[in-house]
Amino acid sequence: MIDILLSLLGGVLPSWLIYVISFLVNTTIILIVTPVTFMMMTWFERRMVARMQDRLGPNRVGPAGLLQAVADGVKMFTKENITPRAADKWVHLIAPVVATAPVMFLFAVIPWGRGLEPSNVNVSVLFVVAISSISAVGLMMGGWGSNNKFALLGAMRAVAQMVSYEIPAVIALLGMVLFTGTMNLNNYSALQGGIPLLGSTLQELGVPDLGLGWFVFTPIGLLGFGIFFTCVLSEGERTPFDIPEADSEIVAGYMTEYSGMKFAVFYMGQFLFNYALSMVASIVFLGGWNGPGVGLLADAGLPFLAGLLSVVYLFVKTWFLFFVMIWLRGAFPRLRMDQLMSFAWKFLLPLALINILSAALWLTLMLWCTGPSCDQSLWVVHIAGVNPLDWMGSAAWVRQLVGLVVSGAINVGAFFWLLSINRRPGGETPAELAQDQVFGVASLP
């Protein structure tokens with residue numbers, strides 16, 4: 001945005017004023033687009049879940065029920081705002097703001113397309129991790145300030161699962177940071193050009209850039225995506241991880257004592273949090289705005305069309321991930337709390353650590369020096385005066401293939417090994433199964 005304004009107004013206005021205008025424009029766009037996105041998400045989920053359950057869903061207000069979200073917004077504005085008499089009124093009031101405001105900040109560092117970055121932060125991955133953690137404070141405030149035992153129980157569940165699942169999510173992102181060498185989200189989409197599996201390593205041989213060198217096609221990216229998206233489901237309280245709002249157990253969790261616009265702000269923050277993390281997953285693992293035709297249009301001198309196509313690609317990927325969230329909601333029941341925690345600590349966390357190892361070996365293979373000029377290189381180890389990886393040569397695509405085989409073997413082996421050691425032993429009696437549930441011994445199917 002700053003580059004566009006500088007090119008248009010650089011000779012008219014001072015640079016500091018252009019920066020101020022750019023910040024105001026970006027903020028206005030975010031504050032307009034995100035609520036509209038939230039309304040579309042609520043309509044989309046209600047229609048999809050209705051289809052999966054052989055129902056109609058909203059279809060009365062507007063064509064195909066598109067204005068149902070507007071009607072719900074009007075209802076929330078006009079509903080009575082009730083605060084329990086025994087509640088801490090200020091904590092009860094501020095909690096939805098604390099939970100939702102960090103989500104709005106996330107969109108400030110997420111690129112919306114090629115050349116459409118609201119801000120260029122070199123540590124935007126770290127910013128996403130840090131800001132997304134603040135929402136847990138708002139959830140705990142909502143449960144504590146309500147002075148309701150059900151709300152407090154839901155808040156404690158929410159904080160416990162967010163803290164637990166943030167650790168494998170951060171390690172999954174750390175693996176991609178090690179894999180790419182950058183913490184700037186604006187760079188990830190450009191790094192995922194080329195063709196599947198081999199990326200851009202064959203461009204020197206004349207292979208065109210198809211924009212399909214997505215990291216999810218590599219073993220490291222595939223495992224990292226699976227871990228990160230699972231953690232997104234948990235942090236966003238989506239089925240089967242919607243335990244903080246288990247209506248059959250704790251009414252509505254930390255939102256039990258909320259109504260009117262305070263409930264709507266909580267609800268909006270939850271949906272937008274899912275959407276923002278889906279965008280991050282699309283950018284880091286699914287190519288982001290990159291896809292067939294974007295690079296070709298940019299090379300042909302048509303940057304506007306390339307940018308427009310890139311926005312379409314990113315939105316399609318993000319909405320597809322949100323559709324998967326809805327699909328899981330319509331297909332699976334929720335887990336028990338002990339199963340939820342065991343899955344994070346006993347399965348996802350070891351997998352994420354092993355993925356770090358795979359990324360480190362991949363990086364070593366790609367940077368290992370070969371040839372006679374490697375005596376002083378830090379990226380070579382001689383054994384008995386022989387370079388053990390000299391056979392790889394200097395061709396990047398050969399190293400890429402070797403990295404695919406090595407990391408794939410490690411990750412697949414680790415996945416099935418962790419499945420085997422976490423599997424419930426066979427032949428248990430009904431009494432032993434009941435005892436496992438009492439003492440919180442969870443297992444994988």
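The values are calculated or read from the model by the stated rules, or taken from the named source; none is laboratory data. Bear in mind the structure is a predicted one, so any value in this text is a computation, not a measurement. Here the Cβ is made from the backbone with ideal geometry for all residues, glycine too, and neighbour counts use every protein chain on show. For the accessible areas, the whole protein counts, side chains as well, though only heavy atoms, and no ligand, DNA or RNA atoms are used. Shrake-Rupley method; radii C 1.70, N 1.55, O 1.52, S 1.80 Å.
A few remarks follow.
- Those residues of the range 87-101 which are open to solvent by less than 70 Å² (accessible area, probe 1.4 Å) and in a loop (DSSP other than H, G, I, E, B), in sequence order: Ala87
- For Gly371, the requirement of being in a loop (DSSP other than H, G, I, E, B) and of a type in the set (Gly, Ala, Ser) is met.
Conditions (1) in contact with a Cys (Cβ under 7 Å, 6 or more places away or on another chain); (2) surrounded by fewer than 17 Cβ atoms within 10 Å (Cβ to Cβ); (3) without any contact (Cβ under 8 Å) to a residue 12 or more places away in the chain; (4) under 25 Å from Ile29 (Cα atoms), marked per residue:
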residue	(1), (2), (3), (4)
Leu66	no, yes, no, yes
Val74	no, yes, yes, yes
Thr78	no, yes, yes, no
Pro84	no, yes, no, no
Val103	no, no, no, yes
Trp112	no, no, no, yes
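- Subset of the range 13-55 [among the β-branched types (Val, Ile, Thr), exposed (fewer than 14 other Cβ atoms within 10 Å of the Cβ) and closer than 24 Å to Ala71 by Cα]: Thr28, Ile32, Val33, Val36
- Hits in the range 214-223 (condition: closer than 19 Å to Leu297 by Cβ and surrounded by fewer than 24 Cβ atoms within 10 Å (Cβ to Cβ)): none
- Verdict on Leu197 being open to solvent by 10 Å² or more (accessible area, probe 1.4 Å) and on the phi > 0 side of the Ramachandran plot: yes
- Among the residues examined, Glu117 qualifies as closer than 30 Å to Gly287 by Cα and of a type in the set (Asp, Glu).
- Odd one out for Arg51 among (1) farther than 21 Å from Val316 by Cβ; (2) part of a helix (DSSP H, G or I); (3) of a type outside the set (S, T, N, Q): (1)
- Residues located in the range 393-413, provided they are under 15 Å from Phe217 (Cα atoms) and open to solvent by less than 40 Å² (accessible area, probe 1.4 Å): Gln400, Val402, Gly403, Leu404, Ser407, Gly408, Asn411
- Scan of the range 167-190 for residues that are open to solvent by 10 Å² or more (accessible area, probe 1.4 Å) and among the aliphatic types (A, V, I, L, M), ordered by number: Ile167, Val170, Ile171, Leu173, Leu174, Val177, Leu178, Met183, Ala190
- Out of Val251, Val312, sole residue that is without any contact (Cβ under 8 Å) to a residue 40 or more places away in the chain, of a type in the set (A, V, I, L, M) and out of contact with any Lys or Arg (no Cβ under 6 Å at 6 or more places or on another chain): Val312
- Pairs meeting the criteria (first residue in the range 400-428 and within 23 Å of Phe343 (Cβ to Cβ), second residue modelled with pLDDT of 90 or more and open to solvent by 50 Å² or more (accessible area, probe 1.4 Å), beta carbons under 9 Å, at least 6 apart or on different chains) are Ile410/Leu357; Ile410/Leu361; Asn411/Leu222; Ala414/Leu357; Leu418/Lys346; Ile421/Lys346; Asn422/Lys346.
- Looking across Trp362, Trp345, one residue alone is modelled with pLDDT of 90 or more and open to solvent by 30 Å² or more (accessible area, probe 1.4 Å). It is Trp345.
- Checking each residue in the range 388-403 for being among the polar types (S, T, N, Q) and either closer than 13 Å to Ser200 by Cβ or in a helix (DSSP H, G or I) (or both) picks out only Gln400.
- Within the range 368-378, not a single residue is closer than 29 Å to Val216 by Cβ, of a type in the set (A, V, I, L, M, F, W, C), in contact (Cβ under 8 Å) with a residue 12 or more places away in the chain and open to solvent by 40 Å² or more (accessible area, probe 1.4 Å).
- Selected residue (criterion: nearest to Glu245 (Cα to Cα)) from residues of the range 114-166 that are in a loop (DSSP other than H, G, I, E, B) and open to solvent by 50 Å² or more (accessible area, probe 1.4 Å): Asn147
- Of all residues in the range 310-342 being aromatic (Phe, Trp, Tyr) and in a helix (DSSP H, G or I), the one that is least open to solvent (accessible area, probe 1.4 Å): Phe322
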